[in-house]
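Have a look at the structure below, then the notes.
Bear in mind these aren't lab numbers, they're just calculated from the coordinates by the rules spelled out. Just so we're clear, the structure is a prediction, and the values are computed from it rather than from any experiment. A quick note on method: Cβ atoms are made from the backbone with ideal geometry, for glycine too, and the neighbour counts reach across all protein chains shown.
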């Protein structure tokens, strides 16, 4: 099973990166830019194949990111430095190959006096024992770094930097654009299969395996007529009544399809307190509340099957005698830090402090702070309007959630920071979870992840596509380019910072996982 999940992770991430890099590749080719390499992943290549037009296609060891290496992104002179020893091969008095070490006896050895890139072509002033000569570089001249790895030297008209701002914009924006297009077409495909929930009815359409309702003598088609004495007319009433009950127990009346009424008292609900990360709450035998954990509580080291004893907020201590005391506490305490006193499953008393994700933050992201559920779902129906609007609504909601998350990361007192981000391991966990919920959920998550990668690449940070677009904007406004060495320096510095951030995020992913 783990192997299948790893393969799914590699396949989904590979497709998203492939589509992103193809966007850069397509617009670069269309603009006439010489492309050296198209690669998926980072690190050493595990598979490479060179095309007829000298583009190296590579799959690399670490499935994180990819690249399209284009001529002119870094200046050609960085390969050919004055005074550097080289070996050249001449054809028709033009340099066809340049080596940095001797590979055969037919090469001319010497050193570089000067490299010139002009509108008329590329030239190399070369000096050896026979004297000094100025040679033109052939249009297919190659620089060999080793026996198998080489780049063609681009002619001036084939350099990335020689293209118009419009052409360069398309090349840079093409990657994220393809991510958005991929997501849109995925949602269009899903629209053919998804059905609309009938929220205007109180009829049970599905019963969750292992959920609270699964132990009852009910079936799909039965109707929930009341909860805790309040009438239920539609599906929204169920959520509202349970949320406002402040109890993990509910008295539920259900009408069968033949009209019989069945009353179920003190039904234990599925429970989840998202602000702290408590779930599956139930009453302890000797007082207190037994909990399982996720999110912030799990990160703080609170174990599953622990028994809550006390909760402290703003120096006010709340004793936990009954499981509903926990619900009541988190109904009132919706942000800040909470000190948790609990007893582990092996009877060890512990105390730890947990920083809550605020209720306000969760609401902005479209979540409740507390979930109390019966484990049933509404009837589903075919709805043409719902299917047509589904791709557009899904894209809008994804964009909205991403931008809200980014804003919250930089907002104080919201309980959200870099430790909440997910790296490769976190994405692997999310893909595994989505795959366990079915094919539709897995494909939908792929679209969501594609949009995420597209948006993140557009952040105005050097080393990302968004940072490069900022440099283009500077050039368009001030009519001059940022010096290539400054741009490259900023890109390298931020790249190493991002690599450090990935390590930090991956460390937090491991803590959440184990």
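Taking the C-alpha atoms only, the angle from helix 465-478 to the longest principal axis of the chain is near 60 degrees. Kindly express, to the nearest 10 degrees and within the range 0 to 90, the angle between helix 484-513's C-alpha long axis and the longest C-alpha principal axis of the chain. On a 0 to 90 degree scale, this one is about 30.
Taken along the Cα-to-beta-carbon direction at a fixed 7 Å, the label points for residue 384 and residue 310 span 6.5 nm.
When DSSP beta bridges are restricted to pairs lying wholly in segment 76-153, around 85% turn out antiparallel. Computed from the Cα positions only, the extents of segment 275-356 along the three principal axes stand at 29, 24, 21 Å, in decreasing order.
This ranking places 167, 217 by how few other beta-carbon atoms lie within 10 Å of each, fewest first, which gives 217, 167. Beyond 17 Å, the tail of the calculated P(r) for segment 453-507 holds 42 percent of the Cα pairs. Between residue 485 and residue 201, the modelled labels are 7.3 nm apart [label points 7 Å from Cα along Cα→Cβ]. Take every pair of alpha-carbon atoms less than 8 Å apart whose residues are at least six positions apart; their mean separation over the length of the chain yields a relative contact order of 13 percent. Where the alpha-carbon atoms of segment 47-154 are placed on the principal axes, they occupy 50, 33, 25 Å, in descending order.
The P(r) of the chain has a tail past 43 Å containing 36 percent of all C-alpha pairs.
With both partners inside the chain, how many of the DSSP beta bridges are antiparallel, as a percent to the nearest 5?
90
Taking the C-alpha atoms only, the angle from helix 424-436 to the longest principal axis of the chain is near 50 degrees. Remark: C-alpha extents of segment 326-385 on the principal axes read 56, 28, 17 Å, sorted largest to smallest. Applying 0.36 nm per residue to the separation of residue 244 and residue 365 and subtracting their alpha-carbon distance, the gain on full extension is 41.5 nm.
As a rough footprinting exposure proxy, the listed residues 344, 351, 253, 361 were ranked by other beta carbons within 10 Å of their own, and the order from fewest upward is 351, 344, 253, 361.
What is the fewest-to-most order of 302, 181 by other Cβ atoms lying within 10 Å of their Cβ?
Result, fewest neighbours first: 181, 302.
At an R0 of 56 angstrom, the distance between the Cβ atoms of residue 337 and residue 47 translates into a FRET efficiency of 0.65. The modelled label-to-label distance between residue 410 and residue 439, using points 7 Å beyond Cα along the C-beta direction, is 4.2 nm.
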